[in-house]
Amino acid sequence: MPSNICRFAGCTLTGALSVTTHVRDAITVVHGPQGCTHHNFSLLHATSLDNDRIALPPLVSTGLSETDVIFGGEGALDRTLDTVIARDPGAVFVLSTCIVDTIGDDVGMVCGAKAGVPVIVVPTAGFLGGSFQTGVNNALIALAGMAGPADRNGGVNIIGEKNLEYEVEENFAEVSRLLALLGLSVNIRFVHDLATDHIASLGAARLNILRDPSLIPVGESLKERFGTPYIPAYPVGISGTVAFLESVADTCGIDCRHAVEEEHTLRQQTLDDFADLAGAGISFTPLPPDPEGSRVAQDIAQAFRLDVTSSGCPVPVPVTPPVGIIGVRRLLHRWRRALHA
């Protein structure tokens, strides 16, 4: 539905803010007019409430005026940074708006002159073709610069969770469940509800797991910086978990036979639990704009012997494919309710 799609589309600034505002002891400075900050503050606050997360995004605007736009906004940024740094946050992230790039403010110079706390510049002006995902990637790469070399601890990093999606915690729990089958645990969630000092351990993990393939530039950047291999996406659909387990095990040099056997058992149990749906006629209205989402929905319907026709009962299809077997089970419960409504 459009109400879901809007959570993953939008400007570069919004994408970056979905990352930086999840560093809980940091402050994000939006260098630009007040309207850019107000709009995003409202969006992020409302989304947090929808996700049962009561939190005010830690945003501060430099509040550029017409005079600043004409004569330059570096002074406004300098004054704002002094005020913010005086609060002694764990870090300050500076995100520029399109107007700032247009007038040519030297944001890096102003930020580089500050001391006391890390001041990190995140490129977020998207008027030359940037997207929401560009903002996410730029923010993750910029924040990774706060981490230095670290001894390996055997953990796994979760990279680039979709902080605005409804099922972010459920999806994390499913990936954690699969990792536990292999005897692996999560090092850090980069970046979801993270403290600044935890970023230092980013390079300690033996493996990075990306939320989806759109984050491959981030995975490559972290691999170059820390030598950490990565898995390009969460497991999706009815058969994705086994392939995921095998891929993780192969990368980490782990025997996964027991884990795969357990997952096959859960898959068969799921097929048995929803056997009553077999033969039912369903329709996908509307289909997700993502071809991968459409493919996964069709695969699930085929696995459970559902008849997909234009005249079938409309069932919900999420914008992003269900993560793992547990995600599939949640989706099937929704389909069952629709069929029996």
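The values are calculated or read from the model by the stated rules, or taken from the named source; none is laboratory data. What you see is a predicted model, and the numbers here were worked out from it, not measured in a lab. Positions of Cβ are backbone-derived with ideal geometry, glycine not excepted, and every protein chain shown enters the neighbour counts. Surface accessibility is based on the protein's heavy atoms, side chains included, excluding ligands, DNA and RNA. Shrake-Rupley method; radii C 1.70, N 1.55, O 1.52, S 1.80 Å.
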| Fraction in percent of alpha-carbon pairs per bin - 20 Å, the chain | 29, 52, 18, 1
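What is the ratio of the Cα radius of gyration of segment 54-109 to 2.2 N^0.38 Å, where N is its residue count, to two decimals?
Details: Rg = 12.2 Å, N = 56, 2.2 N^0.38 = 10.2 Å.
Relative to the 2.2 N^0.38 Å estimate, segment 54-109 comes out at 1.20.
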| Mind listing P(r) for segment 101-176? All alpha-carbon pairs, 5 Å bins, whole percents. | 3, 11, 15, 17, 19, 15, 10, 7, 3, 0
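If you take the beta carbon distance between Thr251 and Thr102 as r and set R0 to 45 Å, what does 1/(1 + (r/R0)^6) give as a FRET efficiency, to the nearest 0.05?
Numbers: r = 44 Å, r/R0 = 0.97.
For Thr251 and Thr102, the calculated efficiency is 0.55.
Going by a ≥ b ≥ c, the root eigenvalues of the Cα gyration tensor, does segment 139-218 fall in the rounded group (a/c under 1.5), the prolate group (a/b larger than b/c) or the oblate group?
Working: a/c = 1.68, a/b = 1.13, b/c = 1.49.
In terms of gyration-tensor shape, oblate.
Over the chain, with every protein chain in place, what whole percent of the accessible area is carbon and sulfur at 1.4 Å, could you tell me?
54
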| request: Using label points projected 7 Å from each Cα along Cα→Cβ, tell me how many nm separate Ser65 and Arg152, to one decimal. | output: 5.8
| field | Net lengthening on full extension, Asp273/Ala115 (0.36 nm per residue, minus Cα-Cα) | value | 50.9 nm
| Theoretical gain in end-to-end length, His340 to Gln302 [0.36 nm per residue, Cα-Cα removed] | 11.7 nm
| request: Kindly provide the helix-only [θ] at 222 nm of the chain, computed as the sum of -39,500 (n - 2.57) over DSSP H runs of four or more divided by all residues, to the nearest 500 deg cm²/dmol? | output: -14000 deg cm²/dmol
| field | Interatomic Cα distance distribution for segment 146-300, bins of 10 angstrom, percent | value | 10, 35, 34, 16, 5, 1
